[in-house]
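**Student:** Below is a structure I'd like to ask you about.
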Amino acid sequence: VLDFNGTIVLKQAVDSYLKRDSAGSTMDAPPTDVINSLRVLCADPKNTVFVVSGDNKENVEQAIGHIPGLGLAASNGSCFSPPLREGSSYRTWLALDLGVDWASVEGVALRIMAKFTARTNGSFIKRAHSSIGWSYYSCDPEFGSLQAKYLVIELERELAAFDVRFVNLKGIVEVIPRKLNKGIIVKKILRDVAARNNNAGVDFVLCMGDDISDEKMFTSVFSFVSEMNEDYSNVVPSPPVIQLSQGTLLASQPFLVEKPVLQCSNQNEQIYAFTVSVGKKESHASQYVDDARDVADLLVKLSSGKRASFRRGTEDEMHLMQFS
């Protein structure tokens, strides 16, 4: 499971990320060696590879949606596309039902944000699935920050009846469902993979990300490992899934219905789970690499069958961990 911006591509500047929708441009594609490595890893039927991005599904699909066997999750995991089958050019998109009437939330939030956009030069509204944001990155810093504070106050008052939360990042105020985070989709992916082949389980997990939103991915990996072989009635089930794409989906469509079984046939075998932060910083991840170039090197080594190494972050020393 891999994050996109800052993990399989070098970190884009905040202003280019925030301006992308208004400018009509698309996200940068990963380097050729990363694309080729993902192709090789996805071609192995024993592997399940997902890229989880905070961007909208259109940009994610345009950048890497052509890779056969690669699963995609966009808008921080609120919508996702199961791995694309070889020879298929059409992706199925599904979404997590997080219990929020998002059309009503958007209606209220858009009206308020439009008012602030009209009186704040350089600001604009950014929309994605289950997310709506007001960007003030290009505004006068002092005035933009002041308007953002007033915007949050008004949004909190008008959206009090909805189960949403407000994220005020550098240059943007975002409204998202309260339950939404990348960890939800990561755990759903792991549960689905573990239930395949008569509950064969999972023997290897590699999860990599570079920013605060990816911390939930790391903790969800630990949570998944801890609940292995637990009674399903004792855990929180994944949210229901709804269909976004046109047409009829088969009942056997992967990820459509979560199998209520956590007991796996490999329960006596060792599970190798690696959580890796991109950049040395305080993190729930157990290891780290310096930047996206190290991620690319790791993926190339994994896809070529070579032994790969990465650093384990500690205050006093660097430890090398190897796996095949």
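**Student:** What number of residues within region 138-177 satisfy the criterion of being under 26 Å from Ser78 (Cα atoms), open to solvent by 90 Å² or more (accessible area, probe 1.4 Å) and touching a residue at least 12 places away in the same chain (Cβ under 8 Å)?
**Tutor:** Counting residues in region 138-177 that are under 26 Å from Ser78 (Cα atoms), open to solvent by 90 Å² or more (accessible area, probe 1.4 Å) and touching a residue at least 12 places away in the same chain (Cβ under 8 Å) gives 1.
**Student:** Could you list, in sequence order, all residues of region 255-301 that are within 15 Å of Ala194 (Cβ to Cβ) and open to solvent by less than 40 Å² (accessible area, probe 1.4 Å)?
**Tutor:** Across region 255-301, the qualifying residues are Phe255, Glu258, Leu262, Cys264, Asn266, Ala273.
**Student:** Within region 121-159, can you find the residues that are of a type in the set (A, V, I, L, M) and touching a helix residue (DSSP H, G or I) at 6+ places or on another chain (Cβ under 8 Å)?
**Tutor:** Here is the first cut: in region 121-159, the ones of a type in the set (A, V, I, L, M) are 125, 128, 132, 146, 148, 151-153, 155, 159.
Matches in region 121-159: Ile125, Ala128, Ile132, Leu151, Leu155, Leu159.
**Student:** Let me ask another. I'd like to check something: does region 142-160 contain any residue that is under 21 Å from Val52 (Cα atoms) and of a type in the set (Ser, Thr, Tyr)?
**Tutor:** Checking region 142-160: not a single residue is under 21 Å from Val52 (Cα atoms) and of a type in the set (Ser, Thr, Tyr).
**Student:** Let me ask another. Kindly list the number of the only condition in (1) touching a residue at least 12 places away in the same chain (Cβ under 8 Å); (2) open to solvent by 30 Å² or more (accessible area, probe 1.4 Å); (3) farther than 19 Å from Val173 by Cα; (4) part of a loop (DSSP other than H, G, I, E, B) that fails for Asn121.
**Tutor:** Against the list (1) touching a residue at least 12 places away in the same chain (Cβ under 8 Å); (2) open to solvent by 30 Å² or more (accessible area, probe 1.4 Å); (3) farther than 19 Å from Val173 by Cα; (4) part of a loop (DSSP other than H, G, I, E, B), Asn121 comes up short only on (3).
**Student:** Scan region 186-193 and give yes if some residue there is hydrophobic (A, V, I, L, M, F, W, C), touching a helix residue (DSSP H, G or I) at 6+ places or on another chain (Cβ under 8 Å) and either at pLDDT below 85 or not in a loop (DSSP other than H, G, I, E, B) (or both), otherwise no.
**Tutor:** yes
**Student:** Taking the residues in region 46-102 that are open to solvent by 30 Å² or more (accessible area, probe 1.4 Å) and outside any loop (DSSP other than H, G, I, E, B) as candidates, determine which candidate is farthest from Lys182 (Cα to Cα).
**Tutor:** Here the residue is Gln62.
**Student:** Against the condition of a type outside the set (Gly, Ala, Ser), in contact with a strand residue (DSSP E or B) (Cβ under 8 Å, 6 or more places away or on another chain) and part of a helix (DSSP H, G or I), how does Lys216 come out, does it pass?
**Tutor:** no
The values are calculated or read from the model by the stated rules, or taken from the named source; none is laboratory data. Just so it is clear, the structure is predicted and the values come from calculations on it, not from any experiment. When we count neighbours, we look across all protein chains shown, and the Cβ atoms used for this are built from the backbone with ideal geometry, even at glycine. Accessible surface areas use protein heavy atoms only, side chains included; no ligands, DNA or RNA. Shrake-Rupley method; radii C 1.70, N 1.55, O 1.52, S 1.80 Å.
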